[in-house]
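The structure appears right after this line, and notes come after that.
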Amino acid sequence: MSLLEDIGYKLDDVKATRVASEEIDSTFKSSCIDMVSTAIGGKILAFSDEWFAEAANLLTPTPPIRQPGKMVYTGAWYDGWETRRHNSEPFDWVIVRLGVASGTVEGVEVDTAFFSGNHAPFISVEGCFSQDDDEVVSWKGGRGKWETILGLQECGPSQRFGWKLDVPTTERYTHVRLNMYPDGGIARFRLFGHAVPVFPADETAVFDLAAAQNGGVAISCSDQHFGTKDNLLLPGRGVDMGDGWETARSRTKGHEDWTIIKLGAPGIIQKLIVDTAHFRGNFPQAVRIEAISWKGDKEPSSDSDGWKSMLEPSKCGPDKEHEFECEQKADTDAITHVKLVMIPDGGVKRIRVLGRRAVA
């Protein structure tokens, strides 16, 4: 009898398409966010076992690393989650609370980097909506109120595995459980989807329309050689230059770098904040910000018609939050996207687009 035939815990048959390792980033990162990353506030609530390597490593936003020859009390050191051998239960599991209020799911990534011979043979992912962490944890490895997000999928040694749901979920989730059959190791876990924020009841309230936690997504950029555009929308001011957006040095006269951000909700903008925290010798000389009210089927490009200035080129300084007043007239069209332009290049830690939702 095969391993799968011996598993008594049955899941729904959710149709999903395998995504090649080299296509995972391009498939998800222009339209989705990783809703379980610690960078956005994802948190491990419980796990069945973590004897060899801690479950918390699963949510680390940076790629896994290897330190050959490094030994710890339990054996070889691994940058991931690894459980004991000979699991007597059908699977090992880890319960994660999303870093957003709730979210819908488009895809999943499981990376078994550097786990070879001790990798997870199969995985599945379940989700639930609950405001009670204790209740969710009480289900442990049982049925509880879990719903299948991704059914049983085969994994292998030291590789990124991605799956795109043929039909993205319409249900929103607050928690997910990653199941590993029967035991082994996984380096990273990503849950790609869209935040479903809880907007202020007060329709005149001003908040960050671009924040990832409020549904903002960085959809495209000119360059992200040193730091990804997605970092711009994360909470807080980060810890170093590694968690901002930083481009390569340009050598062309008149060069500009840009990134386009889709707001979590169309809005009327009142203030812009560009933060260069930790960028002390590589901040941009100046920034410019444009906005658009986009009604097209596809996302706007950097040269689409309709971009208008929200902030003329403004000088920047090192390691500083730059606040710019930008009172948008209430009778203008609601802004759907903003474009942050660095002149000529450099690094920015965060952008905040403060405004109120445009309510019909």
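Could you list, in sequence order, all residues of the range 48-66 that are buried (at least 22 other Cβ atoms within 10 Å of the Cβ) and under 20 Å from V136 (Cα atoms)?
A55, L58, L59
Table: residues versus (1) surrounded by fewer than 23 Cβ atoms within 10 Å (Cβ to Cβ); (2) in contact with a His (Cβ under 6 Å, 6 or more places away or on another chain); (3) in the same structural domain as D333 (by TED's automatic domain parsing); (4) in contact (Cβ under 8 Å) with a residue 24 or more places away in the chain.
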site	(1), (2), (3), (4)
A218	no, no, yes, yes
S222	yes, no, yes, yes
N231	yes, no, yes, yes
G238	yes, no, yes, yes
T247	no, yes, yes, yes
I269	no, no, yes, yes
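Of all residues in the range 135-162 being touching a helix residue (DSSP H, G or I) at 6+ places or on another chain (Cβ under 9 Å) and more than 18 Å from V96 (Cα to Cα), which is surrounded by the fewest Cβ atoms within 10 Å (Cβ to Cβ)?
It comes out as E154.
Taking only the range 323-354 into account, find how many residues are of a type in the set (A, V, I, L, M, F, W, C) and in a loop (DSSP other than H, G, I, E, B). Working first, answer last.
From the range 323-354, those of a type in the set (A, V, I, L, M, F, W, C) are 324, 326, 330, 334-335, 338, 340-343, 348, 351, 353-354; that's our starting set.
Narrowing further to those that are in a loop (DSSP other than H, G, I, E, B): 326, 330, 334.
Total satisfying the criteria: 3.
Which one is nearest to the chain's Cα centre (by Cα) among residues in the range 190-210 that are under 17 Å from L272 (Cβ atoms) and not in a strand (DSSP E or B)?
A210
For the subset of the range 174-189 comprising residues that are among the aliphatic types (A, V, I, L, M) and either at pLDDT below 95 or not in a loop (DSSP other than H, G, I, E, B) (or both), which member is nearest to the chain's Cα centre (by Cα)?
Once the filter is applied, the top-ranked residue is V176.
Identify, please: which residue in the range 211-231 is within 14 Å of the chain's Cα centre (by Cα) and in a loop (DSSP other than H, G, I, E, B) and is, among those, farthest from P266 (Cα to Cα)?
Once the filter is applied, the top-ranked residue is T228.
Against the condition in a strand (DSSP E or B) and out of contact with any Cys (no Cβ under 9 Å at 6 or more places or on another chain), how does L263 come out, does it pass? Steps first, please.
Details: in a strand (DSSP E or B): yes; out of contact with any Cys (no Cβ under 9 Å at 6 or more places or on another chain): yes.
Here the answer is yes, as L263 does meet what is asked.
Spot the failing condition for F47; the list is (1) on the phi < 0 side of the Ramachandran plot; (2) modelled with pLDDT under 90; (3) of a type outside the set (S, T, Y), and only one is missed.
Answer for F47: the failing condition is (2).
Let me confirm something: among P300, P284, which residue is in contact (Cβ under 8 Å) with a residue 40 or more places away in the chain, under 23 Å from V239 (Cα atoms) and not in a strand (DSSP E or B)?
Details: P300 fails: under 23 Å from V239 (Cα atoms).
Only one candidate qualifies: P284.
The values are calculated or read from the model by the stated rules, or taken from the named source; none is laboratory data. Bear in mind that the values here come from a model prediction, so they are computed numbers and not experimental data. FYI the Cβ positions are ideal-geometry reconstructions off the backbone, even for glycines, and counts take in every protein chain you see.
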